[in-house]
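Please read the structure below before turning to the comments.
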There are 2 protein chains.
Amino acid sequence: MTYRQFTRQAKLTRRDFCLEMLAAHREDIKAKKDETAVKNLELIFQATLEVSNQKGFQAMTMRDLSRASGISVGAMYDYFNSKESLLEMIQEAGRRIAGRVMRQAVSGAEAPPEKLAAAIRAHLYLSEAMQPWFFFSYMEARHLGKVEKQRAKEGELATERHIAEIIRAGKRQGVFADVDHRLGAAVIKAMLQDWYLKRWKYAKRRVSVERYADFVVGMAHGFCRNGLGDAGPREVRQ
Amino acid sequence: MTYRQFTRQAKLTRRDFCLEMLAAHREDIKAKKDETAVKNLELIFQATLEVSNQKGFQAMTMRDLSRASGISVGAMYDYFNSKESLLEMIQEAGRRIAGRVMRQAVSGAEAPPEKLAAAIRAHLYLSEAMQPWFFFSYMEARHLGKVEKQRAKEGELATERHIAEIIRAGKRQGVFADVDHRLGAAVIKAMLQDWYLKRWKYAKRRVSVERYADFVVGMAHGFCRNGLGDAGPREVRQ
DNA sequence: AAGATAAAAACGAACGATCGCTCGGAAAAT
DNA sequence: ATTTTCCGAGCGATCGTTCGTTTTTATCTT
């Protein structure tokens, strides 16, 4: 699947994101008409990611946010109860959308190699389509409350366990070599995260998400087929 | 080289770190006696990383820092001019030490495979010994001023270019396959960063730095020898 | 169609709390 | 007795947040 096909089937626009936020907090949001509510949520959401991804959520003041969104400080508070709850609303909505997309994206494949490729590709395409949110979510997870922080961490570990499980299944079926599936999943995850954490770097080098996906899938398959992760005597040490 | 051997030859204690800070800012620091200066710098340095790595540097107040270090707010200002300059002092000293260690750690190897292994191992061992600083440096780079931020980014890119150069040399000498050395270096770098960004995860799973190093070196060699990164027709797509 | 009325949305000055930081004097060391 | 180190109340600035008011939009009346 190409990135173009992916974005066509998945609804991941800024508007979709804010509809999710509105639905989850309809009674807390003071605006009566959905039309205006979504419109202003979009302005606030975009401004939050823009300012926050540049200087950090803590360093962003409500006056910064007001200037960047074009909405007065007082009016913004019709859409969230506090700065902290704004952070939680954004994290929560994104986590829900990402979870939903991931679940249905990997539902097609059968054999472990294809499943592995599908999972990698789905994660990369998703994080490409929602890059500002993924970056935000990663960098600001520390500022969440205990409950929300635990949920964010759990979401991360679930992705990793999912990949590890695919590798394990491949080993049982004999299509993968006897590699450390947990360490393998960990480093694959590291590569996936690098895409949204350092996207400016890849953009400057003109590396497309498809090319990066091909590359990571290639590395993952090579690793699983040849068993490079067993640290055997082929190792060269200094 | 084992991690134990590495830490024995490299001077990377907290005290060494603070001696570096003191030497760089001897005239700005109000304390006259080096003894007391280093002692208090250690308290401040440790408390800064402790509090900051948990809640973020911006969210850390000077009163937090005073409580965590056991030094009064007033006395702390005998050791730095402002909160921002404290951040810069820590970043600068760490960058200098890390650069020095890396330069001499990879000076021994000759052939590209050994050079690659040495570079990976040196970086991992270094980030293990200075893990709190590496984590801090990565997460707080956004809060630096323009000049310091550029220097931090340059340091990162230098590491990556170094790895890419080794792979390129290996290709020219025919010991490595025709792989994309830039993308290869990028994902190797991602694996290296994962070690200090997610160390709690590896600690819980009882993965030692040596085992992780063996694993990454194995993946890097496998990739370079078999050319998994060319995204050829062997790719399986969904 | 136009004016009156009510409802909804937007505003920004002002509030108490807390921030980074200073400074005059106390405490400790020499 | 002198120097060095340490202290923490207090300063102005700025923070997140509120709320009485104005402006805009929708609805009703003539």
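Select from segment A:67-82 the residues that are more than 8 Å from DNA strand C (Cβ to nearest atom), of a type in the set (Gly, Ala, Ser) and free of Cβ contacts under 8 Å to residues at least 24 places away in the same chain and list them in ascending order.
Of everything in segment A:67-82, those that are more than 8 Å from DNA strand C (Cβ to nearest atom), of a type in the set (Gly, Ala, Ser) and free of Cβ contacts under 8 Å to residues at least 24 places away in the same chain turn out to be A:Ala68, A:Ser82.
From A:Gly170, A:Gly94, which residue is closer than 18 Å to A:Gly184 by Cα, touching a Phe, Trp or Tyr at 6+ places or on another chain (Cβ under 8 Å) and surrounded by 17 or more Cβ atoms within 10 Å (Cβ to Cβ)?
A:Gly170
If a residue has to be within 14 Å of DNA strand D (Cβ to nearest atom), within 14 Å of chain B (Cβ to nearest Cβ) and open to solvent by 60 Å² or more (accessible area, probe 1.4 Å) to count, how many in segment A:25-80 make the cut?
Matching residues across segment A:25-80 total 3.
Consider B:Gln104 against the criteria (1) within 14 Å of another protein chain (Cβ to nearest Cβ); (2) at pLDDT 95 or above; (3) not in a loop (DSSP other than H, G, I, E, B): it satisfies all of them except one. Which criterion is unmet?
(2)
Give me the pairs, please: first residue somewhere in segment A:28-40 and among the acidic types (Asp, Glu), second residue anywhere and more than 10 Å from DNA strand D (Cβ to nearest atom), beta-carbon distance under 7 Å, and either six or more positions apart or on two chains.
Going by the 7 Å Cβ cut-off, the qualifying pairs are A:Asp34/A:Leu22.
From the list A:Ala164, A:Ala185, exactly one residue is touching an Asp or Glu at 6+ places or on another chain (Cβ under 9 Å), assigned to a helix (DSSP H, G or I) and within 13 Å of chain B (Cβ to nearest Cβ). Which is it?
A:Ala185
Here are some conditions: (1) under 22 Å from B:Arg205 (Cβ atoms); (2) outside any helix (DSSP H, G or I). A:Ala158 meets all but one. Which one does it not meet?
It is condition (2) that A:Ala158 fails.
Determine which member of the set B:Tyr196, B:Tyr138 is surrounded by fewer than 20 Cβ atoms within 10 Å (Cβ to Cβ), hydroxyl-bearing (Ser, Thr, Tyr) and within 13 Å of another protein chain (Cβ to nearest Cβ).
Result of the check over B:Tyr196, B:Tyr138: B:Tyr138.
The values are calculated or read from the model by the stated rules, or taken from the named source; none is laboratory data. Quick caveat, the model's predicted, so the values are computed rather than measured. Quick reminder, even Gly has a Cβ in these numbers, built from the backbone with ideal geometry, and neighbours come from all protein chains shown. The protein model used for the area step is the full one, side chains on, heavy atoms only, and it has no ligands, DNA or RNA in it. Shrake-Rupley method; radii C 1.70, N 1.55, O 1.52, S 1.80 Å.
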